[in-house]
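Worksheet: one structure, shown below.
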Amino acid sequence: MEKRIEVFTADCPLCRDTLETIKKEACKECEIIERRCKGDECCQPAKDYGIKAVPTIVVDGKITIVGKPTLEQVKQLFA
C-alpha cells in the first residue's frame, strides 16, 4: 500500500536511526521524504504541522509518531 512518509529530523543520532529504520521497513511503493531542521530554524512544513520535536513521523499528512519510534511502531505504519 502506497503511503507518503515525512520524517522530520535534525541530523541527530536518534533522527538518523529513525530515518534508517523507516527506510528499512517501508514498503516499496512508499514515498519517504526527509525534512531536516537546522539549529533553531525549522522548515516550513514542520511549522505547518506544528511540529515541536524531532524526530517526528508524518504519514499521509497526519502526525503519527513523535520521538524515536520502536521497531514495532514502525512496522505498524506499514501494516
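The values are calculated or read from the model by the stated rules, or taken from the named source; none is laboratory data. From a predicted model like this one, the values you see are computed outputs, not experimental measurements. Reconstructed Cβ throughout: ideal geometry from the backbone, glycine too, with neighbour counts over all protein chains shown.
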Q: Among residues belonging to the range 68-77 that are hydrophobic (A, V, I, L, M, F, W, C) and surrounded by 15 or more Cβ atoms within 10 Å (Cβ to Cβ), point out the one that is nearest to residue 23 (Cα to Cα).
A: 74
Q | Scope the range 53-69; condition closer than 8 Å to residue 8 by Cβ and modelled with pLDDT of 95 or more; matching residues | A | 55, 56, 57, 58
Q. Which is free of Cβ contacts under 8 Å to residues at least 24 places away in the same chain and surrounded by 15 or more Cβ atoms within 10 Å (Cβ to Cβ), of 65, 51, 57?
A. 65
Q. Do you know which of the residues in the range 28-45 that are surrounded by 13 or more Cβ atoms within 10 Å (Cβ to Cβ) and over 11 Å from the mean Cα position of the chain (by Cα) is modelled with the highest pLDDT?
A. 30
